[in-house]
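Following: one structure in structure tokens, then a few remarks.
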Amino acid sequence: MSATTVFEARKILTMNPARPMATHVAVRDGRILGAGSLDELAGWGPHELDRRFAGKVLMPGLVEGHCHLMAGTLWRFVYCGFFDTTGPDGRVWPGLKTLDDVVAALAAAAARSGGDGPVLGWGFDPIYFGNGQRGAAWAGSRCTRGDLDRVSSTRPVALLHASLHIVNVNTVVLQRAGRLQAGIDHPAIPLGGDGLPTGELKGPEAMLPALDAVGLGRSFLSGDEAGIQDFGRLCVRAGVTTATDLAATLSEPEVEGLLRITGAADYPARLVPLLRFIGMRPADCVQRAAALAERSTERLRLGRIKVVADGSIQGFSARLRWPGYYNGRPNGLWYTAPEAIREVYTLALQQGLQIHTHTNGDEATDLALDCLQHALALHPVPDHRFVLQHCQLADDAQFRRIAALGMTVNLFANHHFYWGDEHHAVTVGPERAERMNACRSALAAGVPLAIHSDAPITPLAPLFTAWCAVNRHTASGRVLGERQRIGVDEALQAITLGAARSLKLDAEIGSIEVGKRADFCVLHDDPAASAPEALKDVRVWGTVLGGRVFEAA
């Protein structure tokens, strides 16, 4: 018989309603034998008592149901975000408060690197730059190719927006991508007063050729080996044991690399990359996902599909229903044709595959609901568990429809803090901003709920995400939608069992109970006993994945 380890803790929050708290948990072969008292667990026979967590609090390993492996990869480039943030090594990177600060940071990086290689920044969002102006017509100080030409007029320069739905590039990149032409008529390529592209490119159709022209290739979007290792370090620091990648191309070299990396004994996270439906026919996408599912391992789960319906609200590329954007900007972009969504939904249902669909705007949510209703009429499937990711502007009627169709939602709670003030004043206006990411409405409608960070769009930190859903504070301290707040217990459920359910993994992870994977988040503090406003300050010691211990320090 394999060895049994019993971990002792100050308190164990099991998220198992039949036994919500315990003091000990027994582990054998990477799985949980049981949670309870030491006397109860002694019935399993000889064991080693591990007391290293005797002063700590254990809860199920946190599940990040919407993030990206590039949250590790992007750290080799220049951080250009507005807010301070923490890297995989624990270093705090200061936010940049003006466009001139961003240009200076990129220019300094160009000077350090020398040569003629590309210069890439990330985390940028001009909606914060307005010289104090916050009127409804204001949309931020836009970056232009001229601004990035100040970084270099001979090297390719690209600046990824925090949303990852927009990139700004300099003249060199436009020339190499064949985009420096007068009179281009495309909603994703804004033109300046000279009739030439400004250098701001929206959506994959416009962005990807430019990123190719930068000379980096697209591998960094899914993460390379060094970036995936750094991503694992971020997971440990955040208490995360299972994390997704919702922008994966999953080429054969990428899959082989993921199998090798996650198969190593010292890799600290279970990864769930979703095949992005882009640049392929629906039938080919479903066939590829079905083949990938056969190659899943315990620590690499394959076979799910991601569809993107629209863009970003703060980037004004999401699709909104009437009356549209509060500041009068034109409606956003459709990323995937309705016919393609209907077909990929139908084929996935036939193959028993799960699809997660990005919908930021409420018009995009309507489209996804219409397409799934059509597909289910052709091929009814119980417990398909299709997921709407973000679903930020859904109203009560849409949540009732989501419940009727058997869907799950994974809401972007962090948006309240990072963009709530801008949504209130600029993008959607006060009324709709107060019901964005409506966790309370989702639960009231009976919709299974998860919440997420979308890292690197916002930092990977599920306890902070839970704080956002509980308190709904903006960066300025405004409470944005008090009636949509949820309780601490509901928020902890959303970052454990709720997120696990959204991935169809709730039979294996998300709670500490017999038979499940021995995945734990190890905490210095008790989130259940913390004041709601202190939830984000709960300190993470590290994680346990399948019985293997990883310390954040």
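Figures for the structure shown
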item	result
Cα lying deepest toward the dipole's positive end in region 1-99, options 96, 21, 35, charges on Cβ	96
Sulfur and carbon atoms: percent of accessible area, region 32-131 [1.4 Å]	53 percent
Distance from region 13-69 to region 458-507 (C-alpha centre basis), Å	23 Å
Relative pair counts by distance (%), Cα atoms of region 373-479, 5 Å bins	2, 13, 22, 22, 18, 11, 6, 4, 1, 0
Protection proxy ranking of 392-405, 230-243 - average other beta-carbon atoms within 10 Å, highest first	230-243, 392-405
Hits among lysines - C-alpha to C-alpha of residue 536 under 20 Å, sequence gap 8 or more where chains match	11, 56
Bins of 20 Å from zero: percent of alpha-carbon pairs in the chain	22, 56, 20, 1
Average silhouette area of region 55-100, convex hull of alpha-carbon atoms, in square nanometres	5.3 nm²
Segments 346-356, 436-446 sorted - mean Cβ within 10 Å per residue, highest first	436-446, 346-356
Largest to smallest accessible area among 504, 11, 306 [probe 1.4 Å]	504, 11, 306
By average C-beta atoms within 10 angstrom, highest first, the peptides 28-38, 381-391	381-391, 28-38
Among the listed pairs 97/306; 97/202; 306/516, those beyond 29 Å (Cα-Cα)	97/306
Pairwise label distance in nanometres, residue 370 with residue 2, each label 7 Å out on the Cα-Cβ vector	5.0 nm
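The values are calculated or read from the model by the stated rules, or taken from the named source; none is laboratory data. Please read these numbers as outputs of a predicted model, since none were measured by experiment. All Cβ positions, even for glycine, are placed from backbone atoms using ideal geometry, and neighbour counts span all protein chains on display. Ligands, DNA and RNA are stripped out before the accessible areas are found, and what is left, the full protein with its side chains, is counted by its heavy atoms. Shrake-Rupley method; radii C 1.70, N 1.55, O 1.52, S 1.80 Å.
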